[in-house]
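The values are calculated or read from the model by the stated rules, or taken from the named source; none is laboratory data. Here the structure is a predicted model, which is why all the values come from computation and not from measurement. As a convention, Cβ positions derive from the backbone with ideal geometry for all residues, glycine included, and neighbour counts pool all protein chains shown. Note: areas computed on protein heavy atoms with side chains; ligands, DNA, RNA excluded. Shrake-Rupley method; radii C 1.70, N 1.55, O 1.52, S 1.80 Å.
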Amino acid sequence: MKAIYNNILGSISEGKKLLAVLIDPDKMKPEDLSGFMQKLNQSVATHVFVGGSAVNEHATEILVAEIKRYTHLPIVLFPGDVTQITNHADAVLFLSLISGDNPEYLIGKHIKAVSKLKYFDLEVIPTGYVLIENGKQTSVEKVTKTKPLSRHNTQHIVDTAKAGELLGMQLIYLEAGSGAIHPVPTEIISFVKQELEIPLIVGGGIRSKLQLENAYNSGADLVVIGTAFEDDENFFDELKKDTLE
Ligand code: 1GP
């Protein structure tokens, strides 16, 4: 059962670009969810991602169940830890931090997740996660104790992403980090895209419609935005269905 992944492939073959709104369970207040989801539903968002780097146990499960009440969009876990994996979601990005050399984030957490995943009816999407330096230290860097790849070494980034594909990963996620000062540079997106045959996700520091369009035009198939919506829900108004479709 690969419904979510096949849907991503189908959208790409129809030339559609995808947008995931990232909701961090530690930052979303329950009383704000209804209004937030209403705006999200009126926007061009195609996916809801849920996850964060430091989330209280059970917070994700409760939030995902609530989100489901408000939307028919697929809910995809973007977990910072095994505790964030819940059966209430539709799919999970099974992230391997291939830009780093911490075995815990390359395979360790994955082994710990198996005892949950084998009993869950959750689509598992193996994803090569590539952290790229953005001008400031990000939580991913702190939590995983890994260094991001230099944004000035494009070839190394391209080769890292391609290695992920050759290892059998089904998505590559270029990540500048939540709240990044500089999003992933457009030339890096386009060089990586040229090498890949699998879909490309880009996220981190995208705060405007122009930056979103630049990421799409460079080759991002799916863009993830979290902070810009957390800081100002009016950003949804710029991305209303009728304004971009
Ligand atoms: C973070 O790529 C996501 O993991 C989204 O980043 O919060 O900066 O939009 P922002």
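Of all the numbered requirements in (1) more than 26 Å from P103 (Cβ to Cβ); (2) within 15 Å of the chain's Cα centre (by Cα), E187 misses one, and that requirement is (2).
Conditions (1) within 26 Å of N7 (Cβ to Cβ); (2) more than 18 Å from the chain's Cα centre (by Cα); (3) in contact (Cβ under 8 Å) with a residue 12 or more places away in the chain; (4) surrounded by 18 or more Cβ atoms within 10 Å (Cβ to Cβ), marked per residue:
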position: S139; (1), (2), (3), (4): no, no, yes, no
position: P148; (1), (2), (3), (4): no, no, yes, yes
position: D159; (1), (2), (3), (4): no, yes, no, no
position: A176; (1), (2), (3), (4): yes, no, yes, yes
position: L196; (1), (2), (3), (4): yes, no, yes, yes
position: R207; (1), (2), (3), (4): no, no, yes, no
position: L212; (1), (2), (3), (4): yes, no, yes, yes
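Take K241 and tell me if it is under 26 Å from G168 (Cβ atoms), out of contact with any Lys or Arg (no Cβ under 8 Å at 6 or more places or on another chain) and away from the ligand (no atom under 16 Å from the Cβ). Here the answer is no, as K241 does not meet what is asked.
When the residues of segment 76-93 are filtered to those that are within 16 Å of the ligand (Cβ to nearest atom) and among the hydrophobic types (A, V, I, L, M, F, W, C), the one that is farthest from G204 (Cα to Cα) is V92.
Evaluate the following for H152: is it of a type outside the set (V, I, T), surrounded by fewer than 16 Cβ atoms within 10 Å (Cβ to Cβ), part of a loop (DSSP other than H, G, I, E, B) and over 19 Å from the mean Cα position of the chain (by Cα)? Yes: the conditions hold for H152. Residues of segment 214-238 that are more than 18 Å from L174 (Cβ to Cβ) and either touching a residue at least 60 places away in the same chain (Cβ under 8 Å) or open to solvent by 30 Å² or more (accessible area, probe 1.4 Å) (or both): F229, E230, D231, D232, E233, N234, F236, D237, E238.
Considering segment 38-53, and only residues there that are under 12 Å from F229 (Cα atoms) and within 18 Å of the chain's Cα centre (by Cα), the residue that is surrounded by the fewest Cβ atoms within 10 Å (Cβ to Cβ) turns out to be S43.
The set of residues in segment 216-244 that are among the aliphatic types (A, V, I, L, M) and closer than 18 Å to G205 by Cβ comprises A220, L222, V223, V224, I225, A228, L239. When residues in segment 1-37 are screened for being in contact with a strand residue (DSSP E or B) (Cβ under 7 Å, 6 or more places away or on another chain) and either surrounded by 14 or more Cβ atoms within 10 Å (Cβ to Cβ) or of a type in the set (F, W, Y) (or both), 11 of them pass. Please enumerate the residues belonging to segment 181-194 that are away from the ligand (no atom under 13 Å from the Cβ) and more than 24 Å from I4 (Cα to Cα). Residues satisfying the conditions are P185, T186, E187, I188, S190, F191. Restricting segment 1-53 to residues that are more than 13 Å from A91 (Cβ to Cβ), polar (S, T, N, Q) and in a helix (DSSP H, G or I), which is farthest from the ligand (Cβ to nearest atom)? Looking at residues that are more than 13 Å from A91 (Cβ to Cβ), polar (S, T, N, Q) and in a helix (DSSP H, G or I), I get S13. Scanning segment 161-174 for residues that are of a type in the set (A, V, I, L, M), over 18 Å from the mean Cα position of the chain (by Cα) and part of a loop (DSSP other than H, G, I, E, B) gives a single hit, L167. Quick one: is I62 open to solvent by 20 Å² or more (accessible area, probe 1.4 Å), over 18 Å from F229 (Cα atoms), modelled with pLDDT of 95 or more and among the β-branched types (V, I, T)? Here the answer is no, as I62 does not meet what is asked.
Checking each residue in segment 108-132 for being surrounded by 15 or more Cβ atoms within 10 Å (Cβ to Cβ), acidic (D, E) and modelled with pLDDT under 95 picks out no residue at all.
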